[in-house]
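Just so you know, all these numbers are worked out from the coordinates, no wet-lab data involved. A quick note: this is a predicted structure, and the numbers were derived from the prediction, not measured. Cβ: placed from backbone, ideal geometry, glycine included. Neighbour counts: every protein chain shown.
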Amino acid sequence: MLAAAADAPQFDAKRLSDEVRMLSSDGFEGRGPATAGEVKTIEYVVARMKEAGLQPGGDLKDGKRLWTQAVPLLRAEIQGKPALSLTVKGNNETLAQGEQIAVRAAMDGSARIAIKDAPLVFVGYGVKAPERQWDDFAGIDLKGKIAIALINDPDFETGTGDFGGKAMTYYGRWTYKYEEAARQGALGLLVVHETDPASYGWATVKNSNTNAMFDVVRDDPKAVHPALEGWIQRDVTVDLFKRAGLDFEALKKQAQQRGFKAVTLKDATFSADYAVEAKVITSQNIAGRIEGSKRPDETVIYSAHWDHLGVGAPDAKGDTIYNGAVDNATGTAALIELGRAFAKAPRPERSIVFLNVTAEEKGLLGSEYYSSKPLYPLATTVAVINMDALDPFGVARNFTTSGSAKSELLDTLIADGKAAGMAYVTDPHPEAGHFFRSDHFPFAKRGVPALSWGSGNDWVEGGIEAGEAAGKDYVEKRYHQPADEWDASWTFAGMIHDMPLLYKLGNDLANSKRWPQWDKASEFRAIRDATAAQRK
Ligand SMILES: [Zn+2]
């Protein structure tokens, strides 16, 4: 158990429970961005941060900091039923949106997508990784063409290679594949859905791609979004390849080898026609702050997202409010309470920002916006410690992080944990790419050492069996469902037990001159090094 140091802060289970209960109550309507639920959430969190003793750390207005940072978001939605089809050797076949294909509302600024008989090119895993001597686009011009790419990265199936083996690198994420397609000048890219390498079934693809899409407002959206982005069912792809005289499985094997050459499908084209309604909405990140006493321009960030899914499709009980108690009222409450502990303690040498971001559930957009337009410079941001969906149950003997990207920040956390009698377990499912699915990632990809904390699964009462059973129960019955609701039986004992460790990590950094760095082999290290001159 965590040894109680003389200056260790005390956290209060009752207060955490009250905050989670309030934030996830029906009155907050599931905390959807740019809804009445957002207004209530901001009022509540700001009031709690104020009462905890924090200062406003948001946008500057008339020389004064507000409590919030305005986050303009693009909301794009396909109007009506999109017309989608394949033509192979003169035979036209309609594709059903949501069933055979899932096309996303265009986020490149297009008001209408009208594609007539665009050629199709299989680009393997759609990866261009010069540092790994890998280029799936070598010698191919994708202008006016639709690329078809596999999900995950080239060594997921074989388990060994230059892309982290079974673990997913960023090259395996669909977000990367669309971005690379845009850089290649492609008209569009379709990701082939396969359950294992995607780590989720078609239902998830359908639910998260055929409704309104959100993005940060970009100066040049075409730089990262091709006009057509979507997923296609594996069976549809296998059949398409067959009719074009190609063997899907054989081509996939080739795509796992260095030197793979993209293949144009003969006599096969893709057509699409639909209107897209796009408008800009404004949501808010919330930022509380403690100004450092000696080096106020150097910042440690604690982060957690406040948003959840809002009001949506009813569950079996007819409940339509996605309360998001665990996801992520727990992280928000922890953020407020960490703020309270720091506000009570002697002032740190460096500044600490308590960043409660919006639109995580729409694709990490609040954290993406902050890191693209930071309130405090990223070059002198020491570290980001993110919390998402903490466990409100009893005490665990261990803890984890989303992904296990190596850095001195993670090394320190592991050492601190060990000293406190807590074991670190690496992300048990690195192939799912959790590292790229949490709010610390937009900071990491810009070089800032960042991690996302995860509650442990080895419970003091009941061991791994009990911890795993609770995790499974949550994923099946409550995760992203209206049943993610506050429960009177929750003790919050685990959070109370873990929070001193998170406090220590940030407190030690805020009272030192250390600049933790990424591991030598990390893809984020060079980006961080580029701003080294700004850190003393
Ligand atoms: Zn979450």
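Listed by chain and number, the aspartates and glutamates placed with their C-alpha closer than 14 angstrom to that of LYS89 are ASP117, ASP239, ASP267; residues fewer than eight positions away on the same chain are left out. Based on the Cβ-Cβ distance from LYS50 to ASN211, what FRET efficiency comes out when R0 is 60 Å, to the nearest 0.05? Efficiency at R0 = 60 Å is approximately 0.95. The alpha carbons of segment 62-107 occupy a box of 66, 17, 15 Å along the principal axes, longest dimension given first. In whole percents, the pair-distance distribution calculated for segment 451-510 from its alpha-carbon pairs, binned every 5 Å from zero, is 4, 14, 18, 24, 19, 11, 7, 2. Which lysines, if any, have their Cα less than 23 Å from the Cα of LYS61, not counting same-chain residues under 8 positions apart? Qualifying lysines at Cα under 23 Å: LYS40, LYS50, LYS373.
Placing a pseudo-label 7 Å from each Cα along the Cα-to-Cβ vector at ASP247 and TYR200 gives an inter-label distance of 3.4 nm. When peptides 270-277, 389-396, 510-517 are sorted by average Cβ neighbour count within 10 Å, with the highest value leading, the order is 389-396, 270-277, 510-517.
Pairs spanning more than 25 Å between alpha-carbon atoms, out of LYS81/LYS445; LYS406/LYS513; LYS406/LYS536; LYS143/LYS177: LYS81/LYS445. Computed from the Cβ-Cβ distance with R0 of 35 Å, the FRET efficiency linking LYS261 to VAL475 stands at 0.30. How many angstrom separate the Cα center of segment 355-401 from the Cα center of segment 474-536? A separation of 7 Å, based on Cα centres.
For segment 116-145 versus segment 404-420, the spacing of their alpha-carbon centroids is 39 Å. Taking a point 7 Å out from the Cα of ALA111 in the direction of its Cβ, none of the residues of segment 211-252 has a backbone N less than 11 Å from it. Computed on segment 140-185, with alpha-carbon pairs under 8 angstrom and 6+ residues apart, the relative contact order is 36 percent. Each distinct pair of alpha carbons in segment 92-136 adds a 1/r term; the inverse of their mean, the Kirkwood radius, is 14.0 Å. Taking only the alpha carbons of the chain, we obtain Rg and Dmax values of 23.6, 78 Å in that order.
Positive end of the dipole of segment 228-358 (Cβ unit charges, origin at the Cα centre): among ASN356, PRO296, ILE286, the Cα lying farthest that way belongs to PRO296. The distance between label points at ASP26 and ASP12 comes to 2.9 nm (points 7 Å beyond Cα on the Cα→Cβ vector). The GLN534 and GLU465 beta-carbon pair, evaluated with R₀ = 60 Å, returns a calculated FRET efficiency of approximately 0.75. What whole number of Å gives the distance from the Cα centroid of segment 191-231 to the Cα centroid of segment 272-298? Answer, in whole Å: 21.
Among the trypsin sites (Lys or Arg not before Pro) in segment 39-123, those placed in a DSSP loop whose Cβ has at most 13 other Cβ atoms within 10 Å are LYS89. Summarising the overall dimensions of segment 1-85 from its C-alpha atoms, the Rg and Dmax are 19.6, 68 angstrom.
Remark on ILE148: its backbone amide H falls under 5 Å from those of VAL121, PHE122, VAL123, LEU190, a criterion applied only to residues 5 or more positions apart or on other chains, H modelled at 1.01 Å from N. For helix 408-419, what angle does its Cα long axis make with the longest principal axis of the chain, in degrees from 0 to 90 and rounded to 10? Between helix and principal axis, roughly 50 degrees. Helix 331-344 and the longest principal axis of the Cα set of the chain meet at an angle near 30°. Per-residue ellipticity at 222 nm computed for the chain from its helices equals -8000 deg cm²/dmol, with DSSP H segments shorter than 4 residues left out and the rest contributing -39,500 (n - 2.57).
With only the Cα atoms considered, segment 59-172 has a convex hull volume of 235 Å³ per residue.
Label ARG295 and LYS279 with points 7 Å out from Cα along Cα→Cβ: what is the distance between them in nm? In this crude label model, ARG295 to LYS279 measures out at 4.7 nm.
Computed from Cα positions, the angle between helix 234-243 and the longest principal axis of the chain comes to roughly 20 degrees.
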